[in-house]
Amino acid sequence: MIKDNEYEALEKIVGSQNISREPVILDTYAFQWCAELLNVINDKPPARYYLRPAAVILPSSTEEIQQIVRVCNKYGLKFKAFSTGLGPWNCVSTPRTIQIDLRRMNKIVKIDTKNQYAVVEPYVSGAQLQAEVMKFGLNCHMPGAGPQVSPLASATSMAGPGFTSASTGFAGRNVLGVEWVLPSGDLLQLGALGQKNDPDWFTGDGPGPSLRGIMRGFVGAKSGLGIFTKVAVKLYPFPSKPEWKISGESPNYKFEIPNYLKFYIINYKDWDALTNALRRFEEEEISFMCYYASRGAICASFANSREEMFSYYSIHTRLKRPLTLMIGAQTEREFEYKKKIVEGLIQETGGKDYTKKIKIRDVSYAEALRCLLGFHGFLITGCFQSTHGGMDTIEMAIRMAKLNAPIKRKFIEKGGIADDQGEGVWLATYERGHMAHCEMPTMYDATKPESVVGWVEYAHACDELDLKEHLGIPFFIEGDKQHEWYGPHCMNYHIWLRKIKEAFDPQNIADPGFYITSKKTS
Amino acid sequence: MTDLQAKLIEIVGEQNVFKDEDVLETYYKRYADNFLVKSPIKPKLVVKVKKKEDIQEILKLANAQNFSVVPVSSKAVDPNASDAPHSENTIILDLTEMNQVLIVDRKNRMCMIEPGVSFGQLFPIVKKEGLRLLTPLLPACNKSVVTTALEREPITIPRYQWDSSDPLLCTEVVFGTGDLFRTGSAAGPGTIEEQRASGQAQKNPLGPTQFDPFRIIQGAQGTIGIVTWISLKCELLPDTRKILYVQAEKLENLLDFLYTLLKRRFGDELFIVNNLNLASLIRETSAEITKLKGKLSPWTLIIGLGGRQPYGQAKLEFLEAELNDIAKEQGIQLLNEIENISNEDVIKIFDNCTKNPWKLRYLGGSQDIFFLTTLDKTPRFIDTFNKIVESTQFSKDDIGVYIQPLVQGCNCHCEFNIYYNPSDTNIKQKARELFEKASIQLMDQGAFFSRPYGIWAEEMYKRVSPVVVDSLQKVKAIFDPKNVLNRGALCFKEESA
């Protein structure tokens, strides 16, 4: 796979202790959550390992990454970046591709408390960043994937919806200055960071057109156009008093709920009432979190075990279309104002307050603040992945949920995916309700081939539904096959995307498997 | 009649192709005296278009016959001369008659408009639907709304600017190649009509998929594509208003308070102006401005609050009480009104446009220098600028300053307005000298000219990494390989065609 002289050239850059081609090490990079799904999608057996990289290398600096990329160019090797590495899109997708593991680049470079941004390296996690910025009364956006993942990866290379998106936006829209090693090895600094005099991180746009336009879109290029080594991300006000007092042992932690925070579960009788409620709550600009999760998801969100989840059965039957809301405030006055608005809106929108009927532990507040609620999706089968993902209006997202349910039920009946009555939905609002996205977390058993195949078949039906019903472009339209399917239905965007790849990486040195392939390869 | 003229007539009809000297002169005059334009060039022809298909045809012709096309969407003169040709062989594509308001959607807080739609046209339409526009500070009524969004002009409500690209959402664009494209969720699947039937409203600017072409079009001064419509983010129009003020002798004394408001996301309109600019915004004539200016503190922070029924009053009460507490804690005097200015006059500058451009009211002429920085750095830039004013012996009394926090407080637009009487040649020359000297020195000090018009472009691109320039040129080569769009602008030199 990798020749001795190639390996030695790489070893010279980082030292022998920071590079490996031992299969036992390499396979740890190929073992990934959802790898079995990708294997089936690519007509392979549902193995839980994806491709083994040719080598793994751990640089400690931007300069070392530039040197590594230049070695790749010299020898025709490909590279694939790996930060905190959740999911198979972090894996290499072609032979002779080295994995560049960025875990040694783990610094919070700067926290600008006044101008509300932080500069981070790839291996800083959301939890680490939040712990530091909350000391200044600030918060960071974290994606639904959780606090253990890299804000840099989310902001530059992946998607970016989060439980707190109503007040902390979308990862790709929180980007300011960026440091980026191109597939050539050149260093591109976006915005004010690229100027020679007093370079700074406060903007990533200009001069003139914004090169953020080629950096990523609704989703990122997943290292298909280089490696991001530092990024400045916007920070947001911490929603309450920035206190964090936790005790106990997993999973029964105790959390002292800081002033001033409050969870609400508000039940609506049907989709129309929910649509109106989501809109109205967001128009009043009071939420820290505002989303719809199906009744099953609500029960899972506040349970620590399957048994506990099933104990909510009576609540489950009474919940119809529950809206999850959290408000936060800095002062008692602000808290009282927001509570008053919530009470008014519940009445105005015809909702029923179910908050007291569900046992919301104090630690659920910590999970909400730390963007941990998604982990409860693993409770039943040990594995799930979402389908759909299109983002535009609340109305479109609701329509997607409605249209999806009968299709999902069909696949549940067929066997394979777990039975959530077709209702498993997470629908989050963004930026005070200006946008919403909808995805369908779908539980399956990663150890059973028929379940994996069931998920893949259902996901394909979801992609077809989005095309047919004009529900936006799903999260996982990536790679040549998917782009060439969706592109002709969407202004032939794949032609332009490929031109970008060809202009910046004609030889496909940056692994194109989860992006698009240059056809200029000699 | 030239061959080119004949071909253009074939596309748009004789009545829409202009070669008369007086017509060309009208366009030329829009930018000829602008300090940003080194050597003004008269266009060869002016072509008015109303259909995207015509734009496509014209750009295909430009590719075949190697001429440059500069789009113009505003009837108002652009103070930054972005419509000035940089190449001898240029035609102006006048889009002012593509002026349909295609959609106003209260429920989804957006509108969809063509490039020729002006603020004067759009304000009443959106207000009627209960919406407010996110606009630059008191824009000219005949200015194109699309142009301000495409040019990343600063908006006055920072808390509504989640991303630097706001309020621009989706676009329909004809790239330099002549290909039609739609960006963001408007790309598909489905036509716009089909998307709207599915509940979409072209709200998501991101994508399609793994790139954001709208960010490449924005800030490009018409060098990447010609936009035929945009969707624009709107907010709900408040029915209850309150204006608060903080005045200061020194700018530094306002910044901590302003930072606190930005962090708490308090305040709708939120900006700082010096006394001359505040007077120019409020009064209509030079005499009135001069009189009022003398009675104002050097610096004023303006804070607009707004709410809507049924919770508007409660919101304003809560906000005012919070702001008072913060002010007290920081030793700031928060004012409910300023002497000699009525709150009604101030409210009028919000959600409104003017037929009497506020920067021309004082002396009839203004040249602006603006850039992005952070609030804490603004005193340093102001100090530098004042020293240059002194060294050039320009009157410091004729300088306006406007500081606009952006992107929820992550950065700010810092603007100096050099006011002068355009018929006074001596003063005009001094103003030009100040403009040129200050632009360079501010750049050298790290002022980030993110929108480098005219002569700024060459200076600015010298001051950024060559990888940035190279990357921009690669992008340009994808979407406009023959460099037919605004040839010579930014870092896209004529010789690269």
Compute the helix-to-body angle for B:425-444: its Cα long axis versus the longest principal axis of chain B, expressed 0 to 90° and rounded to tens. 90 degrees
Long-range tail of P(r) for chain A (Cα pairs > 42 Å, %): 17 percent
What Kirkwood Rh does the protein assembly as shown have if only Cα atoms enter the pairwise 1/r average? Answer in Å. 29.4 Å
Residues in the range A:327-350 near a label at residue A:245, defined as backbone nitrogen under 19 Å from the 7 Å Cα→Cβ point? A:329-332
Once amide H atoms are placed 1.01 Å from N in the peptide plane, what residues at a sequence separation of 5 or more from residue A:390, or on another chain, have their amide H within under 5 Å of its amide H? A:438, A:475
Quick one: helix B:466-479 against the long Cα principal axis of chain B, what's the angle to the nearest 10°, folded into 0 to 90? 50 degrees
Taking 0.36 nm per residue of separation and subtracting the Cα-Cα distance, what length does fully extending residue A:8 through residue A:340 add? 112.8 nm
State the answer as a single residue: which of A:500, A:403, A:433 lies farthest towards the positive end of the charge dipole of the protein assembly as shown, with beta carbon charges of +1 for Lys and Arg and -1 for Asp and Glu, about the Cα centre. A:403
Find how many whole Å separate the alpha carbon centroid of the range A:481-510 from the alpha carbon centroid of the range B:105-170. 32 Å
Residues whose modelled amide H sits under 5 Å from the amide H of residue A:418, counting only those 5 or more places away in sequence or on another chain, are A:443, A:444
Can you give the log10 of the normalised intensity I(q)/I(0) at q = 0.16, 0.18, 0.19, 0.20 Å⁻¹, computed with Debye over equal Cα scatterers of the range A:1-120? -0.77, -0.91, -0.98, -1.05
When only DSSP loop residues count, what GluC sites (Glu not before Pro) in the range B:252-294 have their Cβ near at most 13 other Cβ atoms within 10 Å? B:284
Output row A,B: buried area (accessible, probe 1.4 Å, summed both chains) in Å², nearest hundred, equals 8300 Å²
Using 0.36 nm times the number of residues separating residue B:97 and residue B:38, minus their current alpha carbon distance, what extension gain do you get? 18.3 nm
Per DSSP H run of at least 4 residues, take -39500 (n - 2.57); add these up for the protein assembly as shown, divide by its residues and hand me the 222 nm value, nearest 500 deg cm²/dmol. -10500 deg cm²/dmol
Which three extents, in whole angstrom, do the alpha-carbon atoms of chain B cover along their principal axes, largest first? 70, 60, 43
Using +1 on the beta carbon of Lys and Arg, -1 on that of Asp and Glu, and nothing else charged, what's the dipole of the range B:264-401 about the Cα centre, debye to 20? 340 debye
Restricted to Cα positions, what overall size does the range B:454-496 have along the principal axes? Three whole-Å values, descending. 26, 21, 14
With Cα coordinates, the longest principal axis of chain A makes an angle with the long axis of helix A:449-469, in degrees rounded to 10, of 80 degrees
Let me check something: with ligands and nucleic acids excluded, how do A:173, B:380 order by accessible area (1.4 Å probe), largest to smallest? B:380, A:173
Using the Karplus curve 6.51 cos²θ - 1.76 cosθ + 1.60 with θ = phi - 60°, what ³J(HN,Hα) values do you get for each residue of the range A:116-133, in whole Hz, with x for Gly and Pro? 6, 8, 10, 10, 10, 8, x, 9, 6, 8, x, 5, 4, 5, 4, 4, 7, 6
Taking a crude spin-label model, label points 7 Å out from Cα along the C-beta direction, the residue B:265 to residue B:127 distance in nm is 2.8 nm
With Kirkwood's inverse mean 1/r over C-alpha pairs for Rh, give me the Rg to Rh ratio of the range A:60-203, two decimals please. 0.98
Are there any GluC sites (Glu not before Pro) in the range A:195-265 that are in a DSSP loop and have at most 12 other Cβ atoms within 10 Å? List them by number. A:243
Enumerate the amide H contacts of residue A:288 below 5 Å, restricted to partners 5 or more residues apart or on another chain; note that Pro and chain-start residues carry no placed amide H. A:326, A:327, A:328
Rounded if a/c is under 1.5, else prolate if a/b is larger than b/c, else oblate: which is the range A:311-413, with a ≥ b ≥ c the root eigenvalues of its Cα gyration tensor? prolate
Can you give me the C-alpha center-to-center distance between the range B:337-401 and the range A:44-94, rounded to a whole angstrom? 52 Å
Given the C-alpha centroids of the range A:212-250 and the range A:258-333, what is the distance between them in whole angstrom? 24 Å
With a cap of 14 neighbouring Cβ atoms within 10 Å, and only residues DSSP puts in a loop, list the GluC sites (Glu not before Pro) found in the range B:325-378. B:337, B:339
Among the lysines, select those whose C-alpha is under 19 Å from the C-alpha of residue B:143, and discard any that sit fewer than 8 residues away in the same chain. B:29, B:48, B:50, B:75, B:127, B:233, B:348, B:355, B:359
Average beta carbon contacts from partner chains per residue of A:492-503, 10 Å cutoff: 5
Return the Cα extents of the range B:240-444 along principal axes one, two and three, sorted largest first, each rounded to a whole Å. 56, 35, 26
Go through the cysteines of chain B and tell me which have no other cysteine Cβ under 4.7 Å away. B:111, B:170, B:234, B:410, B:412, B:414, B:491
With a 1.4 Å probe and all protein chains kept in place, how much accessible area does residue A:321 have, in Å² rounded to the nearest 10? 40 Å²
Which residues among the range B:283-316 fall inside the zone where the amide N is under 18 Å from a point 7 Å beyond the Cα of residue B:347, along Cα→Cβ? B:283, B:302-316
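The values are calculated or read from the model by the stated rules, or taken from the named source; none is laboratory data. Source: prediction; values computed, not measured. Because the Cβ atoms are built from the backbone with ideal geometry, glycine has one as well, and the counts that use them run over all protein chains shown. Protein only, heavy atoms only, side chains kept; ligands, DNA and RNA dropped before computing areas. Shrake-Rupley method; radii C 1.70, N 1.55, O 1.52, S 1.80 Å.
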